[in-house]
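Before any comments, here is the structure.
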Amino acid sequence: MTTTQQLVPLRGVKQSPLEELFTSGHRTCQGCESALVMKLMIKAAGPRTIVLGSTGCMYVANTTYYSTPWVVPWMHTQLGSSGSAALGTAAGLKALMRKAKMKDEPINVIAFCGDGGGADMGLSAISAALTHNEYNLLILLYDNESYANTDIQVSGSSPWGANSTFSPPGTLHRIMNRRWKKNTAGMLAAGHPQARYIATGCASYATDMMNKVRKALTIGGPTFMHTLDPCPKGWDYDPMYSHELGVLAVQTGIWVQYEVEDGKITLNGPSKVLARGKKRLPVEEYLKRQGRFAHFTPEDVAYFQSQIDEMWEKWWIPGVVPPGPQDP
Amino acid sequence: MATYAVEVVYRGIFQKSLSRNICRSIVLASRLEGKIGTAFGRYGDSPERNGIPAKYFAVVAGDPVELEEYLAQYEPTEVDVSIVVDDTLCKGVESWAWYGLQPINALTKPDGAVLVTSYQEPEQLKEDIHVKDQPYDLAILKGSKSFSGLWVYKDDHTDVRILGALARICPDMVGLDSYKEAILQQWGDQRKVTSAERAFERVRRSPVEPGEGNPAEPFSFDLPGWEVMEEALVIPGIEPGGGFRGGEGGFEPVRSSVFKKFSTRTMRPVVNFETCTKCTLCWLQCPDSCFDVTPDGLYDANMEACCGCGVCEDVCPVPDCITMVGEEAFSDNDSQHDHWRRDRDDYMGWLRDKIALGKSETRSHGFHHVGQYDEESQTVEVGYDD
């Protein structure tokens with residue numbers, strides 16, 4: 001394993017680097033939280049970084065015809081190939097450095113993918129990348145819970161009951177997305193015990209997120225991060241509330257912040273406090289603010305709540321490890 | 001008969017259903033008159049982004065051959081009426097896949113019309129609308145911005161009021177009676193017919209002479225063709241930024257020179273630098289990296305990069321430090337921090353004036369909570385204007 005960069009943890013927002021390496025001039029929606037994830041990700045990683053982006057909003061909206069908001073080198077890769085691109089780039093850098101064709105220095109490799117590109121199509125490539133321990137790379141899945149770029153189709157990460165172009169509520173069938181959100185980070189942590197770092201994050205907790213990126217890039221080997229990004233377009237809310245909805249997702253217990261470091265699972269921040277017994281906010285606080293849940297009846301809200309309650313009360317570890325068959 | 005085309009310029013996603021309703025109704029009404037038409041969104045605007053200006057077109061022709069003939073082009077290059085469903089779009093539109101700022105009247109035919117829903121007076125709107133070298137009419141239908149979200153439609157009758165006004169402005173395309181019939185067919189709501197009738201009576205129209213309007217040159221640049229691109233379509237990255245205004249300390253990023261995003265804005269943040277606690281949250285949480293950091297740790301929102309999402313106002317822990325103010329209150333994109341440094345008292349007076357003028361009690365940006373549109377629709381008077 002080659003050496004990684006040394007990136008020190010930030011102790012509070014005031015230590016955030018001033019440099020913007022993902023700057024203004026991208027065509028994302030007003031209040032786009034995924035754009036904020038990009039900004040924080042590269043702020044934490046620093047200038048000696050190569051970013052690879054699989055197809056999705058953060059590719060299409062950011063780098064349309066002859067324009068870019070990136071200061072660091074960035075390359076587009078196909079929808080399902082964030083894992084392959086990250087692995088190939090890390091391997092290529094290693095070979096070039098070994099052959100002395102470029103200066104031997106640690107360069108961060110980050111590949112990002114959306115929930116469609118990562119949790120659905122690119123899962124196999126990500127899985128493959130996470131088994132190659134000799135390469136240092138980070139795959140970041142920014143999850144806005146739908147194929148938002150192509151106008152909001154259901155993905156494996158869309159929550160139960162959410163309105164989308166593929167699941168419009170009708171009079172006969174009110175709930176058209178009957179699938180529950182995929183537990184991508186937990187699944188990858190369980191399946192790749194050799195991967196040294198897998199974490200979830202949310203840009204509303206900026207310092208926590210940036211520190212997770214830094215840890216993922218410094219720990220060595222392939223790593224994975226999954227962020228929940230409120231999406232004003234697909235979730236249908238006033239863009240002003242992007243930050244607040246991220247906070248609500250965590251405080252209601254719908255989104256669990258955790259990291260899996262060398263196999264050890266730790267819940268962070270508000271999720272840790274909730275696990276210790278602090279009362280969770282009712283999920284209704286989160287659901288009623290979004291147009292995609294506007295068709296929910298009180299029974300639907302109660303069902304959603306019961307699933308979240310079960311996750312916190314019955315799972316081995318909330319949001320990470322579901323109950324096993326030997327559990328009561 | 002002649003072929004007629006209208007465009008609806010709207011805020012992406014927020015007004016997508018509204019503009020589709022308008023264009024579809026025009027086509028349905030034209031069929032009642034034995035004509036033929038089609039309605040379509042502009043290809044280059046898809047996928048839409050919240051707030052980023054987009055266009056929908058409706059074309060009405062006498063027979064299928066005329067229609068086909070007209071549609072044998074990428075998109076209409078001239079329209080009889082440019083419909084503007086948010087008056088802040090009058091400052092010009094920088095579309096999603098378009099480069100540079102396009103005047104709102106760019107496609108309006110000579111002697112055509114620009115129809116705006118607004119509470120502003122014609123004189124005020126003419127300060128925003130760029131000059132044109134041919135005459136046209138400015139028609140104003142009094143009304144607020146109708147920002148419904150995507151999944152839930154706020155039915156405040158703006159769609160049918162536009163139809164009523166169109167019947168007045170461009171009666172040869174489709175007449176009022178056909179619109180009324182088409183409205184009944186679609187919604188079965190007599191109240192919506194009444195709203196259309198009242199808009200027909202109340203729309204105000206005033207001529208705009210050549211050369212009248214905003215003389216500013218809209219921001220533009222040359223599109224590089226494929227032959228000048230580097231191998232593998234490599235394009236230069238953005239330069240790393242440096243100190244505030246090129247000096248020591250603080251930070252000012254270099255920004256994209258080909259997409260500015262300010263025409264997406266319907267509100268802008270105004271900052272009270274006196275009460276700022278330098279907590280960093282507005283700067284850190286801004287998805288568009290629009291805040292320049294001053295050497296003394298204040299944050300100056302760059303008005304060419306700000307798209308007016310309002311996250312900064314929401315995360316600011318100090319009451320009244322950052323306030324979102326309607327874009328109508330401003331005529332430039334100048335730095336607020338420079339103004340404040342130049343003359344603090346003058347700046348504080350300016351700040352108070354702008355907040356008094358343009359701070360609205362309610363946000364116009366779509367969905368806030370379940371039941372909100374029902375509550376708001378109940379307060380809507382049929383065919384309301386002033």
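The values are calculated or read from the model by the stated rules, or taken from the named source; none is laboratory data. Here the structure is a predicted model, which is why all the values come from computation and not from measurement. Cβ: placed from backbone, ideal geometry, glycine included. Neighbour counts: every protein chain shown.
Odds and ends about this structure:
- Annotation note: of B:G175, B:G164, B:G188, the sole residue that is at positive phi and not polar (S, T, N, Q) is B:G188.
- Tally of residues being more than 23 Å from B:A167 (Cα to Cα) and either modelled with pLDDT under 95 or more than 15 Å from the chain's Cα centre (by Cα) (or both) across the range B:103-125: 2
- Inside the range A:190-213, residues that are over 20 Å from B:C282 (Cα atoms), among the hydrophobic types (A, V, I, L, M, F, W, C) and under 14 Å from the mean Cα position of the chain (by Cα) make up a count of 3.
- Residue match in the range A:52-64 (condition: surrounded by 24 or more Cβ atoms within 10 Å (Cβ to Cβ), out of contact with any strand residue (DSSP E or B) (no Cβ under 6 Å at 6 or more places or on another chain) and under 30 Å from B:G249 (Cβ atoms)): yes
- Cβ-Cβ under 9 Å pairs, at least 6 apart or on other chains, the range B:26-43 side farther than 19 Å from B:W187 by Cα and crowded, with 16+ Cβ neighbours inside 10 Å, far side at pLDDT below 95 and among the hydroxyl-bearing types (S, T, Y): B:R42/B:S95
- Only a single item in (1) more than 17 Å from A:V37 (Cβ to Cβ); (2) aromatic (F, W, Y); (3) within 11 Å of chain A (Cβ to nearest Cβ) is not met by B:F273, and it is number (3).
Residue by residue, here is whether (1) within 30 Å of A:R11 (Cβ to Cβ); (2) away from every other protein chain (no Cβ under 14 Å) holds:
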| position | (1), (2) |
| --- | --- |
| B:S178 | no, yes |
| B:W187 | no, yes |
| B:G211 | no, yes |
| B:L233 | no, no |
| B:P236 | no, no |
| B:F244 | yes, no |
| B:G250 | yes, no |
| B:T277 | yes, no |
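- Check on A:E285, of a type in the set (D, E, K, R) and within 14 Å of another protein chain (Cβ to nearest Cβ): yes
- Candidates are the residues of the range A:93-122 that are touching a Lys or Arg at 6+ places or on another chain (Cβ under 9 Å) and assigned to a helix (DSSP H, G or I); the one that is surrounded by the fewest Cβ atoms within 10 Å (Cβ to Cβ) is A:A95.
- The residue that is nearest to the other protein chains (Cβ to nearest Cβ), counting only those in the range A:12-24 that are touching a helix residue (DSSP H, G or I) at 6+ places or on another chain (Cβ under 6 Å) and either free of Cβ contacts under 8 Å to residues at least 12 places away in the same chain or of a type in the set (A, V, I, L, M, F, W, C) (or both), is A:V13.
- Members of the range A:10-43 that are more than 15 Å from the chain's Cα centre (by Cα), in a helix (DSSP H, G or I) and among the hydrophobic types (A, V, I, L, M, F, W, C): A:V13
- Scanning the range A:201-221 for any residue that is in contact (Cβ under 8 Å) with a residue 12 or more places away in the chain, at positive phi and surrounded by fewer than 24 Cβ atoms within 10 Å (Cβ to Cβ) turns up at least one such residue.
- Scan of the range A:130-148 for residues that are out of contact with any Phe, Trp or Tyr (no Cβ under 8 Å at 6 or more places or on another chain), crowded, with 24+ Cβ neighbours inside 10 Å and either over 11 Å from A:D115 (Cβ atoms) or of a type in the set (A, V, I, L, M, F, W, C) (or both), ordered by number: A:N136, A:L137, A:A148
- When B:S335, B:S360 are checked against the criterion of being of a type in the set (S, T, Y), at pLDDT 95 or above and either under 20 Å from the mean Cα position of the chain (by Cα) or not assigned by TED's automatic domain parsing to the domain that holds B:V160 (or both), B:S335 stands alone in meeting it.
- Within the range B:295-314, restricting attention to residues that are in contact with a His (Cβ under 7 Å, 6 or more places away or on another chain) and surrounded by fewer than 22 Cβ atoms within 10 Å (Cβ to Cβ), the residue that is nearest to the other protein chains (Cβ to nearest Cβ) is B:D314.
- Just one of the numbered conditions (1) of a type in the set (D, E, K, R); (2) surrounded by 13 or more Cβ atoms within 10 Å (Cβ to Cβ); (3) in contact (Cβ under 8 Å) with a residue 12 or more places away in the chain is not true of B:D189: (3).
- Wholly enclosed strands (runs of 3 or more DSSP E) of the range B:204-312 bearing at least 1 residues closer than 30 Å to B:I162 by Cα and at pLDDT 95 or above: B:204-208, B:267-271
- Tallying residues that are within 18 Å of A:A148 (Cα to Cα), more than 9 Å from chain B (Cβ to nearest Cβ) and part of a helix (DSSP H, G or I) within the range A:44-77 yields 2.
- Considering A:T200, A:T171, A:T223, the condition of being out of contact with any helix residue (DSSP H, G or I) (no Cβ under 7 Å at 6 or more places or on another chain), away from chain B (no Cβ under 13 Å) and of a type in the set (S, T, Y) is satisfied by A:T171 alone.
- Long-range neighbours under 9 Å by Cβ, at least six apart or interchain, first residue over 10 Å from B:K261 (Cα atoms) and more than 7 Å from chain B (Cβ to nearest Cβ) within the range A:25-37, second of a type in the set (G, A, S) and outside any loop (DSSP other than H, G, I, E, B): A:S34/A:G114; A:V37/A:G201
- Being loosely packed, with under 14 Cβ neighbours inside 10 Å, away from every other protein chain (no Cβ under 14 Å) and small (G, A, S) is a property that B:G143 lacks.
- Scanning the range A:275-291 for residues that are hydrophobic (A, V, I, L, M, F, W, C), surrounded by fewer than 22 Cβ atoms within 10 Å (Cβ to Cβ) and not in a loop (DSSP other than H, G, I, E, B) turns up just one, A:A275.
- In the range A:292-327, of all residues being without any contact (Cβ under 8 Å) to a residue 24 or more places away in the chain and assigned to a loop (DSSP other than H, G, I, E, B), the one that is farthest from the other protein chains (Cβ to nearest Cβ) corresponds to A:Q326.
- Entry remark, the range B:316-329: residues being at pLDDT below 95 and either part of a loop (DSSP other than H, G, I, E, B) or loosely packed, with under 14 Cβ neighbours inside 10 Å (or both) number 2 in total.
Residue-by-condition table, conditions (1) more than 14 Å from every other protein chain (Cβ to nearest Cβ); (2) under 26 Å from B:E123 (Cα atoms):
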{"position": "B:C316", "(1), (2)": "no, no"}
{"position": "B:C321", "(1), (2)": "yes, no"}
{"position": "B:V325", "(1), (2)": "no, yes"}
{"position": "B:H339", "(1), (2)": "yes, no"}
{"position": "B:D345", "(1), (2)": "yes, no"}
{"position": "B:W350", "(1), (2)": "yes, yes"}
